[in-house]
Amino acid sequence: MKWLLSAGVAAALVLQPALAEDFFGEHPLTPRARDAFVSDLLKKMTVDEKIGQLRLITVGPDNPKEAIRDMIEKGQVGAIFNTVTRPDIRAMQDQVMSLSRLKIPLFFAFDVIHGQRTVFPISLGLASTFNPETVRVAGRISAYEAADDGLNMTWAPMVDISRDPRWGRVSEGFGEDTYLTSIMGRAMVESMQGKSPADRYSVMTSVKHYAAYGAVEGGKEYNTVDMSPQRLFNDYMPPYKAALDAGSGAVMVGLNSLNGTPASANPWLLKDILRKRWGFTGITVSDHGAIKELINHGVAKDPKDAVRVALTSGINMSMSDEYYSKYLPGLIKSGDVSMAELDDAARHVLNVKYDMGLFNDPYRHLGPKQSDPENTFAESRLHREEARSVARESLVLLKNRLHTLPLKKNGTIAVIGPLADSQRDMMGSWSGAGVIAQTVTVLQGIRNVAGDSAKIIYAKGANVSNHKGIVDFLNLYEKAIQVDSRPAQTMIDEAVAAARGADVVVAVVGEAQGMAHEASSRTSIGIPQSQRDLIKALKATGKPLVLVLMNGRPLSLVEENSQADALLETWFAGTEGGNAIADVLFGDYNPSGKLPVSFPRSVGQIPVYYSHLNTGRPYNPEHPNKYTSRYFDEANGPLYPFGYGLSYTTFSVSDVTLSAPTLRRGASLTASVTVSNTGDRPGATAVQLYLQDVTASMSRPVKMLRAFKKVTLAPGASQTVRFPIDENALKFWNAQMKYAAEPGAFNVFIGLDSARVKQASFTLQ
Ligand code: NOJ
């Protein structure tokens, strides 16, 4: 027997020899060996045991440890989520091995979205690096730390395209663009799963939230999605497909409905597309409570019906409700759910357990008990260096008037703002296994990096918000934000006094962690009023004003853009966020991040995304015409476009050269530009290639990102960047839902953001 049991259980365990022989040992990790093993195992299982495999639960008030022990003994649970320490995980796996009849290992899952013990920048920040290699570093370390905690699966990557910043979950994804999200999602899957999810330090990924959850109406959480098949397949589906092509073992199903059918009740999504068309062989998992919610959606009349609908639609595992266990036995008995359907769902669960190597060694990610870390939260378990370097690359310089940045490491710096010294907020959403006290704030980072040569004065200046409803919302489950009870004006006066005594003001403002999360949709996307009052007062001091933004969605920043001398977008930058931000503020690192989302000027403009279709009456800012597609009461277009971000140096981009004027099918052509560093310090920038299908059978976007490359250049240096283009880059789902590239003219745009580009054209024959 290959696996090791923890002391105590090993002694108590009496494995039936035949079972042990069949079961644990060297099972080759091939689909063929797996299918044979699982078929054999299914034959030994009772209906209840099969149903048990479909149940995914969390330990908590609804399921206390004793109740779970009982369920494990009876084979009524297939996997656990939200348990994140080796001793706790080991205790449950030990129970399986000692108490259950078939000893089918549990798998353990958690939301490891942008880090486990070490917290990396939120996914929007990761996307801002425009560097998949950097995202792989974050993915690899996250998986390493998760596996080192005993976990087998992560509920990541989240690749929902979202073009509505009112939605709080924009923070969890890689932004508005299909191509960028696909690349980053793939990088996450490959780096987290490694060569195999069965490897000691890999975890299986679960791409989410299938499908199109990011397009909820009005950005309102858990809402309705309705869209054309062309938009669905051209814009929203490719990232899920890319993650699956990269080998993601699981799919989490969205809580939304799509064209009237909830995703969890949608056999077209879960069977026809996912399995038949895309050939997916892993598991589908419903999102939290989604099966119960089918009743509210109005597609199931009662709990039993909800279970029938979900299972027969293709939901294999049910997250966090007891419905499958309660109602499936009766449904099987009555024949409303067939044994074949139950077997199919159970088979998928067993398959992924096999793929995770759990039948070779149920303690695969646990090792012997003696190897457990003495302290789960030990500093030595963190990967600070990597966190700092990833975070630096995620920062986006939005404005830098008169070289306000970088700051000098001398004189007096006033560090102001409710987020300047907030460890919790720096971690961002879904950072549950990170330790707040281990996180570096901007204030700490500035002190670390500036050392003793600069004088740092700090004042909070304002609360995140003074709006009681918002504060109550944020503090609903725990004290997430500390409200200073002093009058707002007193706090502002203190900050203004600090600013007056300083050479420069660094104000750290934006959203609290809880404002950009699940269930945190907003109707306004501005900085809260309390902080805007503070910014106004700081501006009035006349001191150079640097705004460091912390937020998990594009914000409307028209006013702040005019007030600030410099603006640095830092998202929620994670454990080493403060140090990374200080590295950029003082110029020890030259920023190179680019926006993965357009920043609207106001809520009224939403949706604002660069890859929109043209209209019959496009707006032309150089010749504004009344009867064009525009708003008359505000400047049109985003405040900051997709792909935008400055550097402390400057770059120039040459005209675009094409290797040929025409592209033949099956061949490729190359588009190239020469990028030069025209400034006086080394720097990096992401060169971006966009395509436009000028005339097609359907209107096509004015631009679509199809390639990007990050280049690092010394001052005065140049590099030619070449992008191959082939027919695949031109394909789209047309009105007949045929995926093809149509002959005709194409524009190629290359630039350092989506708005300022050089153009060339070719023809597809
Ligand atoms: C609900 C969220 O929608 C999903 O993203 C998450 O993975 C699960 N809860 C588990 O925490």
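The values are calculated or read from the model by the stated rules, or taken from the named source; none is laboratory data. Quick caveat, the model's predicted, so the values are computed rather than measured. Quick reminder, even Gly has a Cβ in these numbers, built from the backbone with ideal geometry, and neighbours come from all protein chains shown. Accessible surface is based on the protein model in full, side chains and every heavy atom, while ligands, DNA and RNA are left aside. Shrake-Rupley method; radii C 1.70, N 1.55, O 1.52, S 1.80 Å.
Some observations on this one:
- Lone qualifier among Leu274, Leu258 - being open to solvent by less than 30 Å² (accessible area, probe 1.4 Å), more than 16 Å from the ligand (Cβ to nearest atom) and within 22 Å of Asn316 (Cβ to Cβ): Leu274
- Sole exception among (1) part of a loop (DSSP other than H, G, I, E, B); (2) within 27 Å of Val352 (Cα to Cα); (3) more than 14 Å from the ligand (Cβ to nearest atom) for Pro239, by number: (1)
- The one condition from (1) surrounded by fewer than 23 Cβ atoms within 10 Å (Cβ to Cβ); (2) assigned to a helix (DSSP H, G or I) that Leu328 does not meet is (1).
- Check on Ser264, more than 22 Å from Gln193 (Cβ to Cβ), touching a residue at least 40 places away in the same chain (Cβ under 8 Å) and either within 13 Å of the ligand (Cβ to nearest atom) or not aliphatic (A, V, I, L, M) (or both): yes
- Residue among Glu379, Glu341 that is more than 16 Å from the ligand (Cβ to nearest atom) and either under 29 Å from Asp62 (Cβ atoms) or more than 31 Å from the chain's Cα centre (by Cα) (or both): Glu341
- The single condition from (1) in a helix (DSSP H, G or I); (2) among the charged types (D, E, K, R); (3) within 16 Å of the ligand (Cβ to nearest atom); (4) open to solvent by less than 10 Å² (accessible area, probe 1.4 Å) that Lys353 fails is (3).
- Failed criterion for Ser611 (all others in (1) open to solvent by 10 Å² or more (accessible area, probe 1.4 Å); (2) in the same structural domain as Arg424 (by TED's automatic domain parsing) hold): (2)
- Residue in region 504-515 that is away from the ligand (no atom under 16 Å from the Cβ) and without any contact (Cβ under 8 Å) to a residue 40 or more places away in the chain present: no
- If only residues of region 281-298 that are under 28 Å from Ala156 (Cβ atoms) and assigned to a loop (DSSP other than H, G, I, E, B) are counted, the one that is farthest from the ligand (Cβ to nearest atom) is Thr281.
- Selection status of Arg347, touching a residue at least 24 places away in the same chain (Cβ under 8 Å), open to solvent by 20 Å² or more (accessible area, probe 1.4 Å), assigned by TED's automatic domain parsing to the domain that holds Met427 and basic (Lys, Arg): no
- Leading residue by the ranking (farthest from the ligand (Cβ to nearest atom)) among those in region 95-124 that are assigned to a helix (DSSP H, G or I) and open to solvent by 10 Å² or more (accessible area, probe 1.4 Å): Ser98
- Residue pairs meeting the criteria (Cβ under 7 Å; at least 6 apart or on separate chains; first more than 28 Å from Thr118 (Cα to Cα), in region 69-87; second hydroxyl-bearing (Ser, Thr, Tyr)): Ile72/Ser100; Glu73/Ser100; Gly75/Ser100; Gln76/Ser325
- Number of the exception - Arg364 against (1) of a type in the set (Lys, Arg); (2) at pLDDT 95 or above; (3) over 24 Å from the mean Cα position of the chain (by Cα): (2)
- Whichever residue in region 308-325 is small (Gly, Ala, Ser) and at negative phi and, among such residues, is surrounded by the most Cβ atoms within 10 Å (Cβ to Cβ): Ala310
- Residue count, region 356-390 (criterion: part of a helix (DSSP H, G or I), of a type in the set (A, V, I, L, M) and surrounded by fewer than 24 Cβ atoms within 10 Å (Cβ to Cβ)): 0
- Residues satisfying the stated conditions in region 405-432, i.e. at negative phi, buried (at least 22 other Cβ atoms within 10 Å of the Cβ) and part of a loop (DSSP other than H, G, I, E, B): Leu405, Leu407, Pro418, Leu419, Ala420, Ser422, Ser429, Ser431
- Here region 697-715 is the region considered, the condition is being in contact (Cβ under 8 Å) with a residue 40 or more places away in the chain and outside any strand (DSSP E or B), and the residue that is nearest to the chain's Cα centre (by Cα) is Lys703.
- Inclusion of Arg706 among residues that are of a type in the set (D, E, K, R) and closer than 21 Å to Ser598 by Cβ is warranted.
- Of the candidates Thr720, Thr662, the single residue that is exposed (fewer than 15 other Cβ atoms within 10 Å of the Cβ) and without any contact (Cβ under 8 Å) to a residue 60 or more places away in the chain is Thr720.
- Lys195 away from the ligand (no atom under 16 Å from the Cβ) and open to solvent by 10 Å² or more (accessible area, probe 1.4 Å): yes
- Lys710 vs. criteria crowded, with 18+ Cβ neighbours inside 10 Å and basic (Lys, Arg): yes
- Filter result (in a loop (DSSP other than H, G, I, E, B) and touching a strand residue (DSSP E or B) at 6+ places or on another chain (Cβ under 7 Å)) within region 125-149: Phe130, Asn131
- For region 298-324, a tally of residues being farther than 15 Å from Pro267 by Cβ, touching a Ser or Thr at 6+ places or on another chain (Cβ under 6 Å) and not polar (S, T, N, Q) returns 2.
- When Gly175, Gly185 are screened for being of a type outside the set (Asp, Glu), in a helix (DSSP H, G or I) and open to solvent by less than 10 Å² (accessible area, probe 1.4 Å), only Gly185 passes.
- Meets criteria (more than 30 Å from Met45 (Cβ to Cβ), among the β-branched types (Val, Ile, Thr) and within 16 Å of the ligand (Cβ to nearest atom)) for Ile183: no
- Residue within region 206-223 that is more than 16 Å from the ligand (Cβ to nearest atom), on the phi < 0 side of the Ramachandran plot, in a loop (DSSP other than H, G, I, E, B) and surrounded by fewer than 24 Cβ atoms within 10 Å (Cβ to Cβ) present: no
- So Ser162, is it within 15 Å of the ligand (Cβ to nearest atom), hydroxyl-bearing (Ser, Thr, Tyr), modelled with pLDDT of 95 or more and within 22 Å of Leu270 (Cα to Cα): yes
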